[in-house]
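K.L.:
Dropping a structure here in structure tokens format, bear with me for questions.
Laboratory data are not the source of any read-out in this text; all were calculated from the coordinates shown. The structure presented is a predicted model; accordingly, all values stated were derived computationally and were not measured. Here the Cβ is made from the backbone with ideal geometry for all residues, glycine too, and neighbour counts use every protein chain on show.
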Ligand code: IVH
């Protein structure tokens, strides 16, 4: 039976490759499904032959995964950008200077506009997939990447025993449009462009969901153990191993050929099924690449040529004004829908009143818009040649569009604010959103739910969250038993969040995560903070007058003190756990702990904090010096094996919490 399973897996891998990479299937969809079904049945019957690299595993898993950071085998660097032919000429001069008498050939390739990924194969099997991260270490997204049909999970042909390959994951444009239409229909937020959709998809914690996203992977770089001395040849060889590498790369002997390649693709890029944002030019000889080497961030042997951002001209329909958590009012231009760089654009950012002034916008103006790196396009200029004689200058509003209060503009600032902090709905909901966010109280509640609870009159401030009752929630629209239980449990759990995070969650102006930590260390309770003088606050390192005054101002407001009392009554932690600190310190003192997988009681972020609170150190890579491995659910077998190999004790979540004397 094992033999049939292997045979089916091999066959299905080949058919997948023919279908997704070569686009020339040799069997019908029904024949494919029949084979897949046979495999699935056998795998179910004989679970002892489970293989995570089986074609049946493309469907993903329901297990939520938090991504574990792992070091790259080779740094994952980026490229220098260039925007003109002169820049490319300068690059060529630099290369020739360093290359001495060597003949230079360049390989030109498409610059795919997606999310970079590094794939590692051992004995032809996909071992792991990492995001770029900070270039030194990235998130392990193997479970998600395995669901992408153009990523081979089993190599074919004459592949080396170990190989790392890098590429880009994209969402083809037509699939993206369709995907967004579906999202809109479901009332979900749409993505601004295919790149963001690809990035968002890869970050999903449930790989079964990722499997439903129409993602594709293109490979472009082998960082080590290259099969030949030519990058161009290596791409062709990697294609025979099953990688998706478009056959359009070109070897160029002269800069003229490079420029011709750029011009051709600048014109033809709209005909591609996916977005490219430029061309990458690489020295072809691997030996020469090695001689040229890298700077700290980029290779000296390659450069990206970025196409000019596309512009579009459309009509300004109106300007609307949005109010944020801090009361800041942001103008947004509503435009006649226009296609730009593959998406339909209906809105553009305007930042503040100065920008409206600077662009000299008038009603009904035609404007030029451009998409830069940002999600929402910006207005470059108004087309004054077509301006209507009677057009009125666009004026910034003077009252809040949400609550009618008169807006104020602090001296020296370009932003207008709604001063009605405590009664203006978006400000109230915005503060609650901040309070529940992952880095603050980590309470699982969606933005839409916060708005729903607010409009139902159940919450007016963050303190009210803790008074929510089962009966109130279950009677609401869209609240099933499970979601009510989850919310109540999540609120209960948040009562253990350490004081410095509660302080951050309060949303005091200028008190971000770091300032909150500093404050909590120097003044370890909310009551002491409330009564601290400006002078006392200013004496804390890194706390200046602006922060000190903002804290004083916050506690002057009776509204804020009422919230604190509500939090106190609910049992939220309003002081640092000082007395036990010394005992805590000892428990993990000197221990280096690597943490991986998903935990039932707390988020990984919180587990990491516990390690620090109890005197331990979080480490991201495993070595002989590691004291423990803290293993959650879904931890990769390779990691466990490594720990065992190095004789590092493995702690389960229960072992760990018991060790710290925490009972859940
Ligand atoms: S080569 C060490 N080739 O663009 C050099 N990168 O803006 C590795 N990209 O970091 C990169 N298409 O994420 C290379 N054909 C291509 C590419 C490409 C897209 C991405 C990659 C890179 C970024 C730089």
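K.L.:
Over the Cα atoms of the range 1-143, Rg to Rh with Kirkwood Rh, two decimal places?
P.N.:
Rounded to two decimals, Rg/Rh equals 1.12.
K.L.:
Let me ask another. Under a point spin-label approximation (7 Å from Cα along Cα-to-Cβ), what is the residue 208-residue 448 distance to one decimal in nm?
P.N.:
2.0 nm
K.L.:
If you take the alpha carbon radius of gyration of the range 81-162 and divide it by 2.2 N^0.38 Å, what ratio comes out, to two decimals?
P.N.:
In units of the globular-protein estimate, the range 81-162 measures up at 1.53.
K.L.:
Right, something else. Which FRET efficiency, nearest 0.05, do residue 338 and residue 397 yield, Cβ-Cβ r, R0 30 Å?
P.N.:
After rounding, the FRET efficiency stands at 0.75.
K.L.:
Taking every alpha carbon pair in the range 600-660, what does the distance histogram look like in 10 angstrom bins from 0, in percent?
P.N.:
Spelled out bin by bin, the range 600-660 gives 20, 57, 22 percent.
K.L.:
Now for a different question. Quickly rank 47-53, 589-595 as a protection proxy: mean count of other C-beta atoms within 10 Å, highest first.
P.N.:
Top of the packing list down: 589-595, 47-53.
K.L.:
Please quote Rg/Rh for the range 222-281 to two decimal places, taking the Kirkwood radius as Rh and restricting both calculations to Cα atoms.
P.N.:
1.00
K.L.:
In square nanometres, what is one fourth of the surface area of the convex hull spanned by the alpha carbons of the range 520-621?
P.N.:
The directionally averaged projection comes out at 8.8 nm².
K.L.:
Hey, another quick one. Using alpha carbons only, how many angstrom separate the centre of the range 1-71 from the centre of the range 156-211?
P.N.:
Each part reduced to its Cα centre gives a spacing of 19 Å.
K.L.:
Here's a follow-up. In Å and from the alpha-carbon atoms only, list the Rg and Dmax of the chain.
P.N.:
28.5, 82
K.L.:
Over all directions, average the projected area of the Cα convex hull of the range 594-633 and note it in nm².
P.N.:
Answer in nm², one decimal: 2.7.
K.L.:
For residue 351 and residue 647, what is the calculated FRET efficiency with R₀ set at 51 Å and r taken between the beta-carbons, to the nearest 0.05?
P.N.:
With a Förster radius of 51 Å, E is 0.35.
K.L.:
Compactness ratio of the range 481-560: Cα Rg over 2.2 N^0.38 Å, N = residue count?
P.N.:
Dividing the Cα Rg of the range 481-560 by 2.2 N^0.38 Å gives 1.27.
K.L.:
A further question on this structure: So how far apart, in nm, are the two label points at residue 94 and residue 24 if each is 7 Å from Cα heading toward Cβ?
P.N.:
With each label point 7 Å from Cα toward Cβ, the separation is 4.1 nm.
K.L.:
In addition: What value does the range 351-449 have for Rg/Rh, both radii from Cα atoms and Rh as Kirkwood defines it?
P.N.:
Looking at the range 351-449, the ratio lands at 1.08.
K.L.:
Once you have a ≥ b ≥ c as the square roots of the Cα gyration tensor eigenvalues for the range 397-511, tell me rounded if a/c is under 1.5, and otherwise prolate or oblate according to whether a/b is larger than b/c.
P.N.:
It is oblate, given that a/c is not under 1.5 and a/b is not larger than b/c.
K.L.:
Give, to the nearest whole percent, the P(r) tail of the range 210-314 beyond 18 angstrom, counting all Cα pairs.
P.N.:
59 percent
K.L.:
I've got another one for you. If I stretch the segment between residue 224 and residue 236 completely, what's the gain in nm (0.36 nm per residue apart, minus their alpha carbon distance), one decimal?
P.N.:
2.7 nm
K.L.:
Taking the Cβ-Cβ separation of residue 33 and residue 488 as r and a Förster radius of 51 Å, what is the calculated FRET efficiency to the nearest 0.05?
P.N.:
0.75
K.L.:
Go ahead and estimate [θ] at 222 nm for the chain from helices alone: -39,500 (n - 2.57) per DSSP H run with n ≥ 4, summed, over the residue count, rounded to 500.
P.N.:
-10500 deg cm²/dmol
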